[in-house]
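The values are calculated or read from the model by the stated rules, or taken from the named source; none is laboratory data. As the structure is a prediction and not an experimental result, all values here were calculated from the model. Please note: Cβ atoms are built from the backbone with ideal geometry, for glycine as well, and neighbour counts cover all protein chains shown.
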Amino acid sequence: MAADGDGVAGVTGRKQNDPLSAYALPPVSRHRDIACAGLPWQVFYPGPGRGFEEARQVCGRCRHVEECLSWALESGQQHGMWGGASPEEREVMRPLGPRGRGRRPLAEGGRPNRG
């Protein structure tokens, strides 16, 4: 991902010369056509009082949104917008119970099925 003026690499919030950067990036970040490339990380990690509307728009036009969401669920991401889902939405998608009985099905449009 392209770095902004502070040398921060896109949505990861890590400096490009950070030795842990390669381990913090989801596999989807290797694609050159991800919609979030070069955007400030604050879009996906909004501060208090700000929602995920802008991030949802970005994720909504990304062709890799499913891959990104899968990575976020598998790696246990607890913060920020990943794959078009907020932390609360991902929480209901994670494996249920200690035996990991599988994820709840998603409703149409990739949103959590709350019913």
Task: Extreme residue, farthest from Cys36 (Cα to Cα), among residues of region 47-84 that are in contact (Cβ under 8 Å) with a residue 40 or more places away in the chain and among the aromatic types (Phe, Trp, Tyr) - done: Trp71
Task: Scan of region 54-96 for residues that are assigned to a loop (DSSP other than H, G, I, E, B), in contact with a helix residue (DSSP H, G or I) (Cβ under 8 Å, 6 or more places away or on another chain) and over 17 Å from Ser29 (Cβ atoms), ordered by number - done: Gln78, Arg94
Task: Filtered residues of region 56-76 (kept if in contact with a Gly (Cβ under 9 Å, 6 or more places away or on another chain) and of a type in the set (S, T, N, Q)) - done: Ser70
Task: Residues located in region 48-84, provided they are polar (S, T, N, Q) and in contact with a Lys or Arg (Cβ under 9 Å, 6 or more places away or on another chain) - done: Gln77, Gln78
Open item on the list: Among the numbered criteria (1) surrounded by 12 or more Cβ atoms within 10 Å (Cβ to Cβ); (2) modelled with pLDDT of 95 or more; (3) over 10 Å from the mean Cα position of the chain (by Cα), which one does Arg61 miss?
Closed with: (1)
